[in-house]
Structures are given as structure tokens and as C-alpha cells.
Amino acid sequence: MTTVTNAATTIIFRILKTFFDIQRFYQTFKIIYYRLIDMLRRLFFLLIILLPYWLFASTGPQDGIDIQHYTFRLTLNDSTNVLSGEATIDILFRKEVAVVQLDLRSRNAQGQGMTVREVLLRGRSIPFQHQNNLLRINIPEPANAGTLLPFTVIYSGIPEDGLIISQNKYGDRTFFGDNWPDRARHWLPTVDHPSDKAGVDFIILAPVHYTVVGNGIKIEESFLSSRQKLTHWHEAVPIATKVMVIGAARFAIQRSGAMNDIGVESWVYPQNRLEGFHDYSAASDVLDFLHNHVGPYSYKKLANVQSTTRYGGMENASNIFYFENSVTGKGGIEPLIAHEVAHQWFGNSVSEKDWHHVWLSEGFATYFTNLFVEFRYGRDALQERLNTERRQVIEYSHKTTLPVVFSALPENLIELLSVNSYQKGSWVLHMLRQEIGDDAFWDGIREYYRQFQNSNATTDDFKRVMETASGKDLTGFFKQWLYGTGHPVLKATWRYDNKGKAIVLEVDQEQKALFNIMLEVEVYDENKATSAVESLKVTQQHNKFSIPMAQKPSKLRLDPHVNLLFEGSLQELK
Ligand SMILES: [Zn+2]
């Protein structure tokens, strides 16, 4: 009985324990569940609050606003690196907007960055918030579509970047804007994105020993006192913030040439006066070439400026900045000058609508340098450059799987500057020229420039114009070379068929995605005295061709004119 009684007690106890265990588990579960729900709710609200910041910070310009003109009144001084600014920004509203958002770096923990003192609308102070590198201006009465309003931002601070205040290699204090790609916001309140182009005035107050260069034409230079000078530069043509700059330094200045009434000027450090004037004078011929072959130059002067830019050259609109040591007195920087001058057409006048299409700047500047070299020095000089660029593209392809047109932007925009954007972009233009022929190529280029001068374009815009010019559907071409990755890797063999009196050439594509290409093969006669070029359409993985030939050739060579971006080998089968 004891056993029975004990057993019953144990069972009841176990049931009760299980019941309480379940209860306890349920309670714990309930607490976790509600905490989780609460956490998700907080996260959701945080997301709702932060989303506009992320969206605006990452996707470029604010919808519905279009900057028409910037006027920057900036005071530079020698005792501190503090920049005092008053920016008047004329904004055209495309739809009803209550809050305007501009890019402007906030002051950081190191004391660098900008502090906004006041924002005015037609002289009246209006509310604003300046946080997380964004200046949000609350318009008292929401602006309607079609209205144009002038906002003035009064600010000051030490620029962390963008306007580089430093000493040049001779120890002279200098100020040089260096905005590419999105560093204008360090010193200028702007819509800092290539799609919102605007005219610009720079009115610079600086100690008298500085000469100031800026975009456009100089419309005033006045000594205000024995210490301070005002210099006013004006650019009416819309340009992107990436190429909107001033430079202030001690300069030696020479008008080295002119095209129509457009002056070509050299601005160099006085210590480099003669060498600099000599080296930079190369710009005139490039300007002529592009003006005559592509279309009218968009600006009223072309200054070539020795500077502290971090790049080899920076194509600022009508105001090119070259690195300090570009001046040697020995010349040799013609290709660098050609690249930056070509940007005045491609990059500055026709600008990419978004960074994904940066090849429309860099690939074009690279290829138009090649075209200038071809024009000036002949086809061999062009082929030499193409050969070098092809080697660079092949080498780079081992490091990347990215296409030329970016499908997603890199976190750091500096990574846009890759061999893909420059050399591969240039090669694509070269192959497009082969694909549609010289006449259609140049017609298309001129039409593209005509349609998008002082505006923005995408890769598709360019494709459309080239299709019209050539009467060809270029979908496949653009897809494989710009939106796809890699290049053809060819393994070719040949033998001479004595009976059939023909060369048997077999070409295998060894890369993953197949390309549709024209492959040129040069066939030398038995004495290597003459040769003929055959154009073969390679579309399959394995391709077999029979080329009639009375005698066995002495040699075959792939792509003799350097017209195809590929790597590969050709072997004779004995
Ligand atoms: Zn460039």
C-alpha cells in the first residue's frame, strides 16, 4: 500500500510540477515575446525617422528642386584656415516642396567642417537644421512648382577637405578647390551631385598677394584696401559641383593662345614661370582638335593651372588643375593635357546623369586623348596606346568581376576611378568605331554632344544616338561590353589543307559568357612579302573557318590592327 500511496503522490507531484514548469515557461516566453515586439516597434520607428536621411544621403539630389545658380562670396585669410562664406542659391521648384535639403559638411569633433549661422530667404531669416552633413531649410510657405527662390546661407569653418589650404612645393600658401567626386560639400552648400548642374559666381575676398582663378570669365578684380582684394569669376553655363572651383596662389600667368575669342591661359607658380608656360602651351592644339571634330567648346576661356590637386589632373570646367610636378620644362604632358581638355566636352559639358555612368567621362577622355594622338602622330601611335590600355584591361580583369557601367555604386566613390572606367571604356569606344565605321562614329559623337551639351546623359542616351547615326541595333554590343563583364579569351589553331587549298582556322572562346565579335586575321604569303586581312565573325564557343589560299601561308596574325579587346593565342598545327 505504501508503495501504491507513494506512487500516487509521485504522479500527482509530477503532474503539478509539469503544470508549473509549463506556466513558468509560458511566463518567460511571454516576457521575451513582448520585449521582442517592443524592440521591433522601436526599430521600426527609428527606421521611419532615419529613412529620409539615408535615402537623401545615398541617392543624390532631392526630388523636385533644381538649382539654377550659385553665388559664393568667400573670404580667405592668412592668419587662420577659417573660410567665411555667404552662398546665394537660386532654386527652381519642380513640385511643391516644404523643406530644401543641401549637402554641407557639419563641424566634426576635430573642429573641422562648417557651421551655419543663418539662412535667409529674400533677406528674411528662416528656420533650418544643420545635422549629419545635411542642411535642411524649412520654407515658411511651401514653394509651388515653377517658383524660383533665392536662399542665402551664411556659414564659416575650416574645410576638412574640398578646399585644400596648404603650402605648395615652394612653401607658398595656396588655396585650391579639389571637389571630385563629392567633396564640394566640404566648403560649399550645394546639391553635390553631377545631375544638378548650375551656373556659378565666385566672389573671392583674399589678401592682396593672391591671384585668384575660377570657372568662367573674370568680371572684376579690385583692390578694396591695401590688404584686401576682390576677384569675381562668373560662369553662366550650367556645370556640376565636381568641377566648380577656385584657386588662390601666387601665379605667373600667360595667354598662350586663342581659338576664336576663347583665350588659352597658363597659370603656373612664378618659380616655374618659363617651364610652365612651355609645358602648358600644348593645350591650344587639343582645344582646336576637339572644337573642330566634336563641336563648339562650351566655355569662354581655358586656364591650365599648376596646383596641389591630389589627381594627376583635375578637369575643373574651363579651369584645369594639374599636379605640381606636371611642370618640368621638357613637355611630355601632352596626353595628360589632352585627357583633361577632352573632359571639357565629355564630363563637364556632357556629364553623366549618375555615377554609374562615369565611363561617359573617363572612358571618353581616355579615348579622345587617343584620337588626338592619332590625329597628330598617326595610326601607329594610336595602336601603341591601345596595346598598353588592352594589357591594363586584361590585367585588371583578373581582379574584378564588375562591368563598365556600375549596377551598384561602391561605398567609396573614389573606386569609380578604375581601369574599367578609363581604359576599358576607351576600348569600348574604339570597338564601337570599328563596329559602325568611322563616318557613323564621328556623326554619332557630334550628335551626342549636340543633344547633351551643358546637360546630362546616361549610357542608354549614348546608345540611342549611336544607333540612329549608324542605323544599327547596338543592344548586343552594349550588353556584352558595358553591362557584361570580361572579354574574349581566344585559343586559335591553324593548319594548311594542301588538298583543299585552304587554311583551316579554329577559334575557341574559353571565357564563360560567349562574345559576338569580328576577329581580324592577317595572312602572310609564302614569302612574308605581302599580307591580306580576313574579317571573321566569331559567335560560337567553337568556330571553324576555311580560308581559300593557293599556297601555304608563312604566318598568321590575330588582330593586326589592334581593333579587338581580347587575349589569346594562335598556334600552327604541324
Ligand atoms: Zn579623367
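The values are calculated or read from the model by the stated rules, or taken from the named source; none is laboratory data. What you see is a predicted model; the values in this text were computed from it and never measured. All Cβ positions, even for glycine, are placed from backbone atoms using ideal geometry, and neighbour counts span all protein chains on display. Heavy atoms of the whole protein, side chains included, go into the accessibility calculation; ligands, DNA and RNA do not. Shrake-Rupley method; radii C 1.70, N 1.55, O 1.52, S 1.80 Å.
Provide the net charge surrounding Ser361, with neighbours chosen by a C-beta distance below 13 Å and charges set as Lys +1, Arg +1, Asp -1, Glu -1.
Details: positive: Lys242, Lys353; negative: Glu315, Glu340, Glu352, Asp354, Glu362.
Within the 13 Å Cβ shell, the charges total -3.
Quantify how much of the Cα-Cα distance distribution of region 344-412 extends past 21 Å, in percent.
Details: 925 of 2346 pairs.
Pairs farther apart than 21 Å: 39 percent.
Which value, in Å² rounded to 10, gives the accessible area of Leu417 with a 1.4 Å probe and all protein chains present?
Surface open to solvent at Leu417 totals about 50 Å².
By the scheme Lys and Arg +1, Asp and Glu -1, what is the net charge of all other residues having a beta-carbon under 12 Å from that of Leu102?
On the way: positive: Arg105, Arg136, Arg185; negative: Asp103, Asp192, Asp196.
It works out to a net charge of 0.
Calculate how large, on average over all directions, the projected area of the Cα convex hull of the chain is; give the answer in nm² to one decimal. Numbers along the way, then the final one.
Values: hull surface 180.7 nm².
Mean projected area for the chain: 45.2 nm², to one decimal.
Could you run the Karplus curve 6.51 cos²θ - 1.76 cosθ + 1.60 with θ = phi - 60° over region 547-564 and give me ³J(HN,Hα) per residue in whole Hz, x for Gly and Pro?
For region 547-564, the Karplus curve yields 10, x, 7, 5, 10, 5, x, 7, 6, 10, 9, 7, 6, x, 9, 6, 10, 10 Hz.
If we count every other residue with Cβ under 13 angstrom of Glu235's Cβ, Lys/Arg +1 and Asp/Glu -1, where does the sum land? All intermediate terms of the calculation are to be shown ahead of the outcome.
Values: positive: Lys197, Lys218, Lys300, Lys301; negative: Asp201.
Local net charge: +3.
Leaving out ligands, DNA and RNA but keeping every protein chain, what accessible area does Arg450 have, in Å² rounded to the nearest 10, with a 1.4 Å probe?
Accessible area, nearest 10 Å²: 150 Å².
Calculate, axis by axis, the spread of Cα positions in region 79-142 along the three principal axes, and write the results as whole Å, longest axis first.
Over region 79-142, Cα extents along the principal axes are 42, 23, 18 Å.
Over the Cα atoms of region 135-236, Rg to Rh with Kirkwood Rh, two decimal places? List each step's numbers first, then the result.
Working: Rg = 16.3 Å, Rh = 16.2 Å.
Taking Rg over the Kirkwood Rh, I get 1.01.
For Asp443, Asp196, write out the residues from largest to smallest accessible area, computed with a 1.4 angstrom probe and no ligands counted. Mind showing how you got there, number by number?
Details: Asp443 85, Asp196 10 Å².
Greatest to least solvent exposure: Asp443, Asp196.
Keeping every protein chain in place, order Lys399, Lys242 by accessible area at 1.4 Å, biggest value first, i.e. largest first. Show your work: numbers first, answer last.
Numbers: Lys399 150, Lys242 5 Å².
If we order Lys399, Lys242 from most to least accessible, we get Lys399, Lys242.
Can you find, among Leu409, Phe372, Trp442, the residue sitting farthest towards the positive end of the charge dipole of region 338-448, where Lys and Arg contribute +1 and Asp and Glu -1 at Cβ?
Positive-most Cα among the choices belongs to Phe372.
Non-local amide H neighbours of Asn133 (under 5 Å, H modeled in plane, Pro and chain starts lacking H): which ones?
Ser106
Which pairs, out of Lys544/Lys574; Lys300/Lys463; Lys552/Lys574; Lys463/Lys512; Lys399/Lys512; Lys242/Lys463, put more than 21 Å between their alpha-carbon atoms?
On the way: Lys544/Lys574 17 Å; Lys300/Lys463 30 Å; Lys552/Lys574 12 Å; Lys463/Lys512 25 Å; Lys399/Lys512 16 Å; Lys242/Lys463 25 Å.
Pairs exceeding 21 Å: Lys300/Lys463; Lys463/Lys512; Lys242/Lys463.
Sorted by packing (mean other beta-carbon atoms within 10 Å per residue), highest first, where do 140-146, 510-516 land? Don't skip to the end; give the middle numbers.
Numbers: 140-146: 11.7, 510-516: 13.4.
Ranking, from highest mean packing down: 510-516, 140-146.
On average, how much accessible surface per residue is there in region 194-307, in Å², for a 1.4 Å probe, leaving out ligands, DNA and RNA?
Details: 3890 Å² over 114 residues.
I get 34 Å² per residue for region 194-307.
Using all C-alpha to C-alpha distances in region 287-413, build P(r) with 5 Å bins and read off the rounded percent in each one.
All Cα pairs, binned at 5 Å, distribute as 2, 10, 16, 20, 21, 17, 10, 3, 0 percent.
By Kyte-Doolittle mean hydropathy of at least -0.5 and Cα axial length of at least 27 Å, which whole DSSP H helices of the chain are selected? Working shown, then result.
On the way: long enough: 2-59 (80 Å, 0.81).
Answer set is 2-59.
What is the calculated FRET efficiency for Ser531 to Lys169, with r their C-beta to C-beta distance and R₀ = 56 Å, to the nearest 0.05? Mind showing how you got there, number by number?
Details: r = 52 Å, r/R0 = 0.93.
The calculated FRET efficiency here is 0.60.
When all C-alpha to C-alpha distances in region 61-216 are sorted into bins of 10 Å, what percent of pairs does each bin hold, rounded to whole numbers?
11, 41, 34, 12, 3, 0
Quick one: check the C-alpha center-to-center distance for region 84-143 versus region 519-552, whole angstrom.
So the two Cα centres are separated by 66 Å.
State in Å² the accessible area per residue of region 464-574; use a 1.4 Å probe, count heavy atoms of protein chains only, and round to the nearest integer.
Working: 5980 Å² over 111 residues.
Accessible surface, normalised per residue, equals 54 Å².
Arg385 accessible area, nearest 10 Å², 1.4 Å probe?
Accessible area, nearest 10 Å²: 70 Å².
If you rank Ser361, Ser106 by how much accessible surface each has, with a 1.4 Å probe, what is the order from largest down? Intermediate results must be reported in sequence, preceding the final value.
Values: Ser361 0, Ser106 25 Å².
The ranking, largest first, comes out as Ser106, Ser361.
Rounded to the nearest 500, what is the chain's calculated 222 nm mean residue ellipticity when only DSSP H runs of at least 4 contribute -39500 (n - 2.57) each, over all residues? List each step's numbers first, then the result.
Values: 10 runs with 170 residues, N = 574.
When only DSSP H runs of four or more count, the value is -10000 deg cm²/dmol.
Would you mind getting me the FRET efficiency between Glu522 and Tyr377? Use the beta-carbon distance for r and R0 = 25 Å, nearest 0.05.
Working: r = 23 Å, r/R0 = 0.91.
Efficiency at R0 = 25 Å is approximately 0.65.
For the residue pair Tyr34 and Ala109, what label-to-label distance in nm results when each label sits 7 Å from Cα along the Cα-to-beta-carbon direction?
Each label point is offset 7 Å from its Cα along the Cβ direction, giving 3.8 nm.
I'd like the FRET efficiency for Gln453 and Lys552, computed as 1/(1 + (r/R0)^6) with the beta carbon distance as r and R0 of 35 Å, rounded to 0.05.
On the way: r = 55 Å, r/R0 = 1.58.
With a Förster radius of 35 Å, E is 0.05.
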